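Submitted below is the structure of interest, expressed as structure tokens.
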Amino acid sequence: MRCNRIVVALALGLISSVGVAADADQAIRNSLKAIDPALPIEAIAESPMPGVYQVELAGGRQLYTSADGQFLLQGYLFQVKNGKPVNLTEAAQTRGVVKLMNAIPASEMVVFAPKQPKTHITVFTDTDCGYCQKLHSEVPELNRLGVEVRYLAFPRQGLDSTAAKELSNVWCAKDQQDAMNRAKSRQGVADVQCDSPVAKQYALGQMIGVSGTPAIVLANGTIIPGYQPAAQLAKIALESK
């Protein structure tokens, strides 16, 4: 009989904890939606810090709240392990970015790959960008070092810009690699009409915090803002795979 009472007590405790978690989830959602009805909440869960909940937003961004949703924090949460600080927020954000990058079909990227890639980088690019052109001139060297380069479109001046039209022409071209080479060397690309993913990729870049080009996403989800020389970039990319 005593064993049965213990089982019942444990079951009631589990039900109670589930109820508390559900109440906190709803309270946090209600509070955040009152601030911004369009806030893209992906998930809510207890954080490693007792009494604090972690809110994952689209794009991997993180917020922290009290269980009732009345207190809100935005910033980095660290945990001290073996005397060293571990950035839990950054780790969660990069996992979110990796998830988004892995969900993009290869058919929607312009890819320059070596025969046997050791790792890859995903580059948000604008054809009308000097440092993007410089990075592109080093793609053969990156390939030689084992780094596959996957391009996504990010017209810095918006979707009504000349660059956005040129990026669409690149993505709609029959030979996308040749079109990218021509665009990056300022040779011009023929006008082509298709259902290009430029707008979707631009929105994705904004979602994960891209504000300029080139923005380089490593295989582990780390985002490097700006140009890096091929040798240095390959070293970082290979270490992060």
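The values are calculated or read from the model by the stated rules, or taken from the named source; none is laboratory data. Keep in mind that what you see is a predicted model, and the values were worked out from it rather than measured. Positions of Cβ are backbone-derived with ideal geometry, glycine not excepted, and every protein chain shown enters the neighbour counts. Surface areas here come from the heavy atoms of the whole protein model, side chains and all, with no ligands, DNA or RNA. Shrake-Rupley method; radii C 1.70, N 1.55, O 1.52, S 1.80 Å.
Each row is one residue, and each column tells you yes or no for (1) part of a strand (DSSP E or B); (2) aliphatic (A, V, I, L, M); (3) under 18 Å from the mean Cα position of the chain (by Cα); (4) over 18 Å from Q26 (Cβ atoms).
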residue: A43; (1), (2), (3), (4): yes, yes, yes, no
residue: P48; (1), (2), (3), (4): no, no, no, yes
residue: Y53; (1), (2), (3), (4): yes, no, no, no
residue: G60; (1), (2), (3), (4): no, no, yes, yes
residue: G69; (1), (2), (3), (4): no, no, no, no
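Restrict the check to the range 110-125 and report whether at least one residue is assigned to a strand (DSSP E or B) and of a type in the set (F, W, Y). It would help to see each step written out before you state the result.
Step one: of the range 110-125, the residues assigned to a strand (DSSP E or B) are 110-112, 119-125.
Narrowing further to those that are of a type in the set (F, W, Y): 112, 124.
Checked the range 110-125: at least one residue is assigned to a strand (DSSP E or B) and of a type in the set (F, W, Y).
Name the helices (runs of 4 or more DSSP H) wholly within the range 158-231 that hold at least 3 residues that are under 19 Å from A113 (Cα atoms)? It would help to see each step written out before you state the result.
Values: elements: 162-172, 176-184, 198-207.
The helices (runs of 4 or more DSSP H) meeting that bar are 176-184.
Looking at (1) of a type in the set (F, W, Y); (2) open to solvent by 40 Å² or more (accessible area, probe 1.4 Å); (3) touching a strand residue (DSSP E or B) at 6+ places or on another chain (Cβ under 9 Å), which is the one condition that is false for Y131?
(3)
Looking only at the range 71-107, which residues are open to solvent by 90 Å² or more (accessible area, probe 1.4 Å), part of a loop (DSSP other than H, G, I, E, B), farther than 20 Å from R29 by Cα and touching a strand residue (DSSP E or B) at 6+ places or on another chain (Cβ under 7 Å)?
In the first step, residues of the range 71-107 are kept if they are open to solvent by 90 Å² or more (accessible area, probe 1.4 Å); the result is 71, 73-74, 76, 78, 80-82, 84-85, 90, 95, 99, 102, 107.
Next cut, part of a loop (DSSP other than H, G, I, E, B) only: 71, 74, 76, 82.
Of the ones still in play, those that are also farther than 20 Å from R29 by Cα are 76, 82.
Passing the criteria: only Y76.
Here's another thing I want to ask about it. Could you please find all residues in the range 142-176 being open to solvent by 70 Å² or more (accessible area, probe 1.4 Å) and under 23 Å from L238 (Cβ atoms)? Let's see the steps before the verdict.
At the first step, the residues of the range 142-176 found to be open to solvent by 70 Å² or more (accessible area, probe 1.4 Å) are 144, 156-157, 159-160, 162, 165, 174-175.
Answer for the range 142-176, where residues must be open to solvent by 70 Å² or more (accessible area, probe 1.4 Å) and under 23 Å from L238 (Cβ atoms): just R144.
Looking at L142, L100, which one is of a type in the set (A, V, I, L, M), at pLDDT below 95 and touching a helix residue (DSSP H, G or I) at 6+ places or on another chain (Cβ under 9 Å)? I'd like the intermediate steps shown before the answer.
Values: L142 fails: at pLDDT below 95.
Result of the check over L142, L100: L100.
Quick check on my filter: what residues within the range 112-128 are touching a residue at least 60 places away in the same chain (Cβ under 8 Å), open to solvent by 10 Å² or more (accessible area, probe 1.4 Å) and under 27 Å from T162 (Cβ atoms)?
Within the range 112-128, just F112 meets the criteria.
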